[in-house]
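These notes concern the structure reproduced below.
The values are calculated or read from the model by the stated rules, or taken from the named source; none is laboratory data. In this text the structure is predicted, and so the values were computed from the model without any measurement. All Cβ positions, glycine included, derive from the backbone under ideal geometry; neighbour counts span all protein chains shown. These area figures cover heavy atoms from the full protein model, side chains too; ligands, DNA and RNA do not enter into them. Shrake-Rupley method; radii C 1.70, N 1.55, O 1.52, S 1.80 Å.
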Amino acid sequence: MIEARFHPALDQLPADTWDALRADPNPFVSHAFLAALERGGCILPDWGWQAHHLGLYEDGRLIAAAPLYLKGNSHGEFVFDFSWASAWERAGGEYYPKLLNAVPYSPVPGPRLLAGNDERTPMLQHALVEAMHAEAERLGLSSVHANFLQETELAAFGTDWLARSDVQFHWHNRGYRHFPDFLAALNHKKRKNILRERSQVEASGVAIEWRSGDTLSRDEWRQVHALYEATFDAKGNHAALTATFFRQLGELGQLAQLALARHGETIVAMALFVQGGGVLYGRYWGASVDVPGLHFELCYYRGIEHAITQRLDRFEPGAQGEHKLARGFLPVRTYSRHYLVHPAFRAAVAAALASEAPAVDAYAAELQSHSPYADHSTAKR
């Protein structure tokens, strides 16, 4: 007999077992990363996040799990359903809270249904989906959402779950020996533009270094967080990640990686990355100076150099951004699934998604036709 239990804190689930259930070592669904978000004060009901993690148990042993949250808004998710919420509330319904299977504040594809990797995996993935469905019905919620799923998880969702897809831009390591080797693979125009941007940074006089998070001092982490916070505030956005969470990242070995720009001892710009499973993930940027090309240098070019040096398979710099295409990042599809409890509401949203899907397909195809690589077959990955 398999029993579903829901937990208000990740620390209630065993870390070693949770991590062993991941289909791959994606760092964002690691127990340490998700628990750090909670311990660091980033998961708060006042901010629309309440942990409601799902565990499946057999004879008291955890055999499958899913990071799950009760959401009081749609912020920090990156799969936008604000129009759905507005439509449902105009019709007199309550859209929030909803149930979300995702990693907070992280538009990173990866495992969401943690069920190992053996012959029982498909059955357990389906059981996790059914448990989320049943919990939404039990609590009287409007909906359940599973964001940035792996393709291998899609079969676990039945036809009553609505499908949605989008596009991100990822860089793939094709055995490059060094950064000039990567540049040589680009067409002349893109190569020239990157060299020009890098020369602007070099001429500015800022000193740039790459650091592992576990080597930063407490004061350096304070400076990094202050840049992140100020940059979010300047754009009118809520800086949800706390200074405590940033410091905790520094305690998780080499999980956090940073490209730093300095004037003397002062950090004037930073790009924060997460690394794991042979992949580098770009996360946050902050700067107190305006140097032409510095954003591209720290967020993209230094990340590519690091990925080449460390022989990483892939570099995912974050959500959105067609400007990434010109810098060697190619379009890939992302996937989400959505269950809306009310049948009529589900049908209305399904019709809207049916109209949206061809436009997304056409957009992805158009992007593929504008590969920055001299050999256009490189784009066909």
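Before moving on, here are some points about what is shown:
- Residue list for the stretch 242-259, restricted to those being touching a residue at least 24 places away in the same chain (Cβ under 8 Å), open to solvent by 10 Å² or more (accessible area, probe 1.4 Å) and closer than 20 Å to Trp47 by Cβ: Thr242, Thr244, Arg247, Gln248
- Remark: pairs (first residue in the stretch 108-123, farther than 30 Å from Gln320 by Cβ and touching a residue at least 60 places away in the same chain (Cβ under 8 Å); second residue among the charged types (D, E, K, R) and open to solvent by 10 Å² or more (accessible area, probe 1.4 Å); Cβ separation under 9 Å; 6+ apart in sequence or on different chains) = Gly116/Arg22; Asn117/Arg22; Asn117/Asp24.
Per-residue answers, yes or no, for (1) in a helix (DSSP H, G or I); (2) open to solvent by 10 Å² or more (accessible area, probe 1.4 Å); (3) modelled with pLDDT of 95 or more:
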residue	(1), (2), (3)
Ala239	no, yes, no
Ala261	no, no, yes
Gln275	no, yes, yes
Pro292	no, yes, yes
Phe296	yes, yes, yes
Ala319	no, yes, no
Ala344	yes, yes, yes
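- Of the candidates Gly303, Gly282, the single residue that is in contact with a Cys (Cβ under 8 Å, 6 or more places away or on another chain) and either among the aromatic types (Phe, Trp, Tyr) or open to solvent by less than 20 Å² (accessible area, probe 1.4 Å) (or both) is Gly282.
- Considering residues of the stretch 263-273 that are surrounded by 21 or more Cβ atoms within 10 Å (Cβ to Cβ) and touching a Ser or Thr at 6+ places or on another chain (Cβ under 9 Å) only, the residue farthest from Ser74 (Cα to Cα): Ile267
- Among the criteria (1) within 26 Å of Val279 (Cα to Cα); (2) open to solvent by less than 30 Å² (accessible area, probe 1.4 Å), the one Trp161 does not fulfil is (1).
- Residue match in the stretch 150-167 (condition: in a strand (DSSP E or B) and either charged (D, E, K, R) or without any contact (Cβ under 8 Å) to a residue 40 or more places away in the chain (or both)): yes
- The stretch 321-336: number of residues that are more than 18 Å from the chain's Cα centre (by Cα) and assigned to a helix (DSSP H, G or I): 4
- Answer residue from the stretch 180-195, given it is in contact (Cβ under 8 Å) with a residue 24 or more places away in the chain and closer than 22 Å to Asp290 by Cβ and is least open to solvent (accessible area, probe 1.4 Å) among those: Ile194
- Among the residues of the stretch 131-144, those that are surrounded by 13 or more Cβ atoms within 10 Å (Cβ to Cβ) and either acidic (Asp, Glu) or more than 23 Å from Ile2 (Cα to Cα) (or both) comprise Glu135, Leu141, Ser142, Ser143.
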